[in-house]
Amino acid sequence: MATSFKNIALASLATGMLSLGNQTTAKASTWVDTVLNTPGIAAVVKPGDFCIAVLPDTQYYLAQAQLGGNFEMFKAQIEWIQKNQQKENIAYVAHMGDITEHGDNPVTNRSEWYLAKTALYGLENPVSIPYGLSVGNHDQFPAQHPVSGTTNGYNKYFGVPHFEGRPYYGGHYGNNNDSHYDLFTAGNVDFIVLFLEFDSHNEDQTKLYSWANDVLKKNASRKAIVVSHSILHFAPVAGSLTPQAPFNAEGKAIYEALKDNTNLFMMLCGHVGDNGEGYRAETFKGHTIKAFLNDYQSRPNGGNGLMRLYKFSVKNNELSVRTFSPYTNQSETDGDSQFTVSLFDKPVK
């Protein structure tokens, strides 16, 4: 049995290195330990307007002693998505990262990652709703380090073998699932959602962003959304879209690396608390990329279950943002919580 597992590990590592290209500093594969889960029937997405559900930093719902958050808030978000998938025509779900508070810390890793998977696997059954997760700094151990740190808990429950073979899973970077991409179609438009692991210390940005560019170019016919834990700082004036939220250093690096891809129209992030919301539109050579921040961990009770729904109206070329909590049944309706912007540079015919 030991020899068998060794062979599996070596095969996994070899496969990862083929995907890796010239990156030689990546973390070791954890595929052998990945938990598998058979998804339910695929969610049906009707023609016309559709939504993407966005889950901001959930870390304080798992580290329950912090700021009054509790696991029921996380469960309420997932249960709301499942219950309302048909009504809201939810085509995809994206988590902004900091799924957990302490990552692979041996004191807490079993409990936090077990709770995370217990909640998020609710998107897989009884109906399988396509979803992806961003790896935040608190999902790494030690935090902030994508290469020299580990993400074993994340890859145990959300690794490559867990998603491999699902119709929406596109592929991954290196020999784990820390950066990866998904594919889906809604509103008669093909999309790609590309997740980039947190890397504010620039341990691997050059190679990671090169891979991201290759993926976006190979999928140039698909409208692209980039999700990374840290892109924007919060809005200078709470409750308003003006002035625009500034890029942080990592967000600026992502934008500069990927702005030549005319299929990229949207970026999503979390990470920054305080008022926890921000919006920025950048135009390069006539092409506009819009970035959205939502992170409510600094609000009462670690976020009170606040989340977002992004409604895509391809027909009207509009993208509408809604912020609410299924846990408290309250909505935020100020200027940077509920608003509508243009969807693409030009309407899709």
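The values are calculated or read from the model by the stated rules, or taken from the named source; none is laboratory data. The shown structure was predicted, so the numbers you read here are calculated from the model rather than taken from an experiment. Cβ placement follows ideal geometry from the backbone for every residue including glycine, while neighbour counts extend to all protein chains displayed. Just so you know, the surface numbers come from the protein's heavy atoms only, side chains and all, with ligands and any DNA or RNA stripped out. Shrake-Rupley method; radii C 1.70, N 1.55, O 1.52, S 1.80 Å.
Only residues that are more than 22 Å from LEU268 (Cα to Cα) and assigned to a helix (DSSP H, G or I) were counted across region 85-104, and they come to 2.
Among the residues making up region 305-317, those that are over 17 Å from the mean Cα position of the chain (by Cα) and either surrounded by fewer than 16 Cβ atoms within 10 Å (Cβ to Cβ) or of a type in the set (Ser, Thr, Tyr) (or both) are SER313, LYS315, ASN316, ASN317. The set of residues from region 266-289 being assigned to a strand (DSSP E or B) and either open to solvent by 10 Å² or more (accessible area, probe 1.4 Å) or among the β-branched types (Val, Ile, Thr) (or both) comprises TYR279, ARG280, ALA281, GLU282, THR283, PHE284, HIS287, THR288, ILE289.
What strands (runs of 3 or more DSSP E) completely inside region 297-340 contain at least 2 residues that are hydroxyl-bearing (Ser, Thr, Tyr)? Of the strands (runs of 3 or more DSSP E) lying wholly inside region 297-340, those with at least 2 residues that are hydroxyl-bearing (Ser, Thr, Tyr) span 307-313, 318-325.
Looking across region 199-230, the residues that are out of contact with any strand residue (DSSP E or B) (no Cβ under 7 Å at 6 or more places or on another chain), in a loop (DSSP other than H, G, I, E, B) and not small (Gly, Ala, Ser) come down to ASP199, HIS201, ASN202, GLU203, ASP204. For region 174-214, the set of residues classified as touching a Leu at 6+ places or on another chain (Cβ under 6 Å) and open to solvent by 10 Å² or more (accessible area, probe 1.4 Å) consists of TYR181 only.
Conditions tested, residue by residue: (1) within 22 Å of THR151 (Cβ to Cβ); (2) in contact with an Asp or Glu (Cβ under 6 Å, 6 or more places away or on another chain); (3) at pLDDT 95 or above; (4) surrounded by fewer than 20 Cβ atoms within 10 Å (Cβ to Cβ).
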residue: ALA42; (1), (2), (3), (4): no, no, yes, yes
residue: LYS46; (1), (2), (3), (4): no, no, yes, yes
residue: CYS51; (1), (2), (3), (4): no, yes, yes, no
residue: LYS75; (1), (2), (3), (4): no, no, yes, yes
residue: ILE78; (1), (2), (3), (4): yes, no, yes, no
residue: GLY97; (1), (2), (3), (4): yes, no, yes, no
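For region 130-158, the candidate set comprises residues that are in a loop (DSSP other than H, G, I, E, B) and under 14 Å from the mean Cα position of the chain (by Cα); within that set, the residue that is surrounded by the fewest Cβ atoms within 10 Å (Cβ to Cβ) is PRO130. Yes or no: SER313 closer than 26 Å to ALA186 by Cβ and in contact with a Gly (Cβ under 9 Å, 6 or more places away or on another chain)? In short, yes. Scanning region 159-170 for residues that are open to solvent by 10 Å² or more (accessible area, probe 1.4 Å) and farther than 15 Å from ALA94 by Cβ turns up PRO161, GLU164, GLY165, ARG166, PRO167. The set of residues from region 250-293 being modelled with pLDDT of 95 or more and aliphatic (A, V, I, L, M) comprises ALA253, ILE254, ALA257, LEU258, LEU264, MET266, MET267, LEU268, ALA281, ILE289, ALA291, LEU293. If you go through region 105-129 and pick out every residue that is open to solvent by 40 Å² or more (accessible area, probe 1.4 Å), assigned to a helix (DSSP H, G or I) and either in contact with a Pro (Cβ under 7 Å, 6 or more places away or on another chain) or touching a residue at least 60 places away in the same chain (Cβ under 8 Å) (or both), you end up with 1. Here the condition is being surrounded by fewer than 17 Cβ atoms within 10 Å (Cβ to Cβ), within 20 Å of the chain's Cα centre (by Cα) and among the hydroxyl-bearing types (Ser, Thr, Tyr); of SER298, SER325, it holds for SER298 alone. Scan region 134-153 for residues that are of a type in the set (A, V, I, L, M, F, W, C) and at pLDDT below 90 and the total you get is 2. Within region 231-262, the set of residues being open to solvent by less than 10 Å² (accessible area, probe 1.4 Å), part of a loop (DSSP other than H, G, I, E, B) and in contact with a strand residue (DSSP E or B) (Cβ under 6 Å, 6 or more places away or on another chain) comprises ILE231, ALA235, ALA245.
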